[in-house]
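Worksheet: one structure, shown below.
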Amino acid sequence: MSLEWLLDWSWSLDGLRDFIATGIQSFRDCDTSALAASAEANGVQNGFVYCHSPECVRCAHHDGLNQKLYHNLQEYAKRYSWSGMGRIHKGIREQGRYLNSRPSIQKPEVFFLPDLPTMPYFSRDAQKHDVELLERNFQTILCEFETLYKAFSNCSLPQGWKMNSTPSGEWFTFYLVNQGMCVPRNCRRCPRTYRLLGSLRTCIGNNVFGNACISVLSPGTVIAEHYGPTNIRIRCHLGLKTPSNCELVVGGEPQCWAEGRCLLFDDSFLHTAFHEGPPEEGPRVVFMVDLWHPNVAAAERQALDFIFAPGR
């Protein structure tokens, strides 16, 4: 993308939405081949391989993105209100300074909302209703996973599953919601789990920072250290299968999963996960869903859904 193109940009809402949609789709399409090419050409940064696609919002830095987001916020405020927009306004105007000055332990890659309480892990009370609802439905989610997982006996990567790049081992994900967009074929295969998402009060379902998936780590797997895209969410892991010697490390602090229990963390902190348990214990499996950070107000959530809406 050339500087001349950026200068000629018409600062319209539709143009901004197209820009974001293009970048987000490019990020969705970042696959292991792109990551491998990047590793050979550019090496690894903080242990995490970047795709370096010029159109990818998460992996590339666009000099004009903050200004585009600012004009999008202006459009939102004209339609609705400036009330409650102080932090978002401050964050967008000074995004570069915030991201560049963040300590290396927490560096969200796309958007940083200032003045949010910062901690690697959150207590279960942070989103108590949704945590308790997920835990009550543990057996429902587990049963649907086990039905899905039987397909691995017939082929190496069944339909609907994605294999992710890792330094060692195998990491598979089955998305019901991928960056704010429902995956209909997958949702039809997990109908009760999908309906459960609609009962969560704080699930991020309307912007590109929202995901819901089943995440499977095979024995011997290590996920490279990396940062999430934003601090406006907390990531919830409901343990479905938790063998021994499996850990999540966020901001240098280790935690272990437990079956039927939720673990809440801020994935904008540097984090990694690994499964060093014996092969006979099988994979580590969690149901992952992104929830709003409890200190993002309702008016801010509405504005962020507007600014970061998928496919616009």
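Listed here are the residues, each with its yes/no results for (1) under 26 Å from residue 109 (Cα atoms); (2) outside any strand (DSSP E or B); (3) not hydroxyl-bearing (Ser, Thr, Tyr).
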position	(1), (2), (3)
235	yes, no, yes
240	no, no, yes
267	yes, yes, yes
288	yes, no, yes
296	yes, yes, yes
305	yes, yes, yes
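Which count do you get for residues in the stretch 76-86 that are of a type outside the set (A, V, I, L, M, F, W, C), surrounded by fewer than 18 Cβ atoms within 10 Å (Cβ to Cβ) and assigned to a helix (DSSP H, G or I)?
Qualifying residue count, the stretch 76-86: 3.
Look through the stretch 132-167, keep the residues that are assigned to a loop (DSSP other than H, G, I, E, B) and of a type outside the set (Ser, Thr, Tyr), and return whichever of them is surrounded by the fewest Cβ atoms within 10 Å (Cβ to Cβ).
Among those residues, the one meeting the criterion is 154.
Does residue 113 satisfy the criteria of being open to solvent by less than 30 Å² (accessible area, probe 1.4 Å) and within 29 Å of residue 304 (Cβ to Cβ)?
So residue 113 fits the description; yes.
Name the residues in the stretch 114-133 that are of a type outside the set (Asp, Glu), out of contact with any Phe, Trp or Tyr (no Cβ under 9 Å at 6 or more places or on another chain) and more than 21 Å from residue 212 (Cβ to Cβ), would you?
Result: 116, 117, 123.
Answer with yes or no whether residue 170 is open to solvent by 50 Å² or more (accessible area, probe 1.4 Å), within 20 Å of the chain's Cα centre (by Cα), free of Cβ contacts under 8 Å to residues at least 60 places away in the same chain and closer than 21 Å to residue 227 by Cα.
Yes.
For residues that are open to solvent by 40 Å² or more (accessible area, probe 1.4 Å) and either hydroxyl-bearing (Ser, Thr, Tyr) or under 26 Å from residue 215 (Cα atoms) (or both), tally how many sit in the stretch 279-300.
Adding up the residues that qualify gives 4.
Give me the residue from the stretch 199-223 that is modelled with pLDDT under 95 and more than 22 Å from residue 115 (Cα to Cα) and, out of that set, surrounded by the fewest Cβ atoms within 10 Å (Cβ to Cβ).
206
Yes/no per residue for (1) among the β-branched types (Val, Ile, Thr); (2) in contact (Cβ under 8 Å) with a residue 12 or more places away in the chain; (3) under 24 Å from residue 107 (Cα atoms); (4) in a loop (DSSP other than H, G, I, E, B):
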| position | (1), (2), (3), (4) |
| --- | --- |
| 175 | no, yes, no, no |
| 185 | no, yes, no, no |
| 194 | no, yes, no, no |
| 201 | no, yes, no, yes |
| 205 | no, yes, yes, yes |
| 210 | no, yes, yes, yes |
| 214 | yes, yes, no, no |
| 223 | yes, yes, yes, no |
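Determine, yes or no, whether residue 262 is open to solvent by 20 Å² or more (accessible area, probe 1.4 Å), at pLDDT 95 or above and at negative phi.
Taking the combined requirement at face value, the residue does not satisfy it.
Looking at (1) in contact (Cβ under 8 Å) with a residue 40 or more places away in the chain; (2) over 17 Å from residue 291 (Cβ atoms), find the lone condition where residue 137 falls short.
Failing condition for residue 137: (2).
Regarding residue 99, is this residue open to solvent by less than 60 Å² (accessible area, probe 1.4 Å), closer than 24 Å to residue 226 by Cβ and not in a helix (DSSP H, G or I)?
No.
The values are calculated or read from the model by the stated rules, or taken from the named source; none is laboratory data. The model shown is predicted, which means the values in this text are computed figures rather than measured ones. As a convention, Cβ positions derive from the backbone with ideal geometry for all residues, glycine included, and neighbour counts pool all protein chains shown. Please note that ligands, DNA and RNA were not included when accessible areas were found on the heavy atoms of the full protein model with its side chains. Shrake-Rupley method; radii C 1.70, N 1.55, O 1.52, S 1.80 Å.
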